[in-house]
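Enquirer: A single structure is presented below for examination.
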């Protein structure tokens, strides 16, 4: 059951990556979904603060990775694609 769930999750994850990658800059292509989500939120007009879970050091490291690139402007089309 775990293997089946992992396969389904990987498929869903790949579909989300494909949907958002079309609307994000090239430098984000290798990032995790959570990094892409954080970067998109940080670079959305009107959003001034993004809250993240920080229960584990890995969460913090992952979130900080979203800040490792040039700023960009998130267009509404990204949200519509989801």
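The values are calculated or read from the model by the stated rules, or taken from the named source; none is laboratory data. Values in this document were obtained by computation on a predicted structure and should not be read as measured data. Note that each Cβ is placed from the backbone with ideal geometry, even for glycine, and that neighbours are counted across all protein chains shown.
Enquirer: Any residue in region 18-35 that's without any contact (Cβ under 8 Å) to a residue 40 or more places away in the chain and at negative phi: show its pairings with residues that are surrounded by 12 or more Cβ atoms within 10 Å (Cβ to Cβ) and in a loop (DSSP other than H, G, I, E, B) at Cβ separation under 6 Å, as long as the two are six or more apart or on different chains.
Expert: 35/66
Enquirer: Considering only region 40-58, how many residues are touching a residue at least 12 places away in the same chain (Cβ under 8 Å) and part of a helix (DSSP H, G or I)?
Expert: Qualifying residue count, region 40-58: 3.
Enquirer: Name every residue in region 65-77 that is modelled with pLDDT of 90 or more and part of a helix (DSSP H, G or I), in order of residue number.
Expert: Scanning region 65-77 gives 76, 77.
Enquirer: Looking only at region 33-63, which residues are within 25 Å of residue 10 (Cβ to Cβ), under 12 Å from the mean Cα position of the chain (by Cα) and either surrounded by 15 or more Cβ atoms within 10 Å (Cβ to Cβ) or at pLDDT below 90 (or both)?
Expert: 34, 35, 36, 37, 38, 39, 40, 41, 62, 63
Enquirer: When you scan region 16-32, how many residues do you find that are in a helix (DSSP H, G or I) and surrounded by 10 or more Cβ atoms within 10 Å (Cβ to Cβ)?
Expert: Of the residues in that region, 8 qualify.
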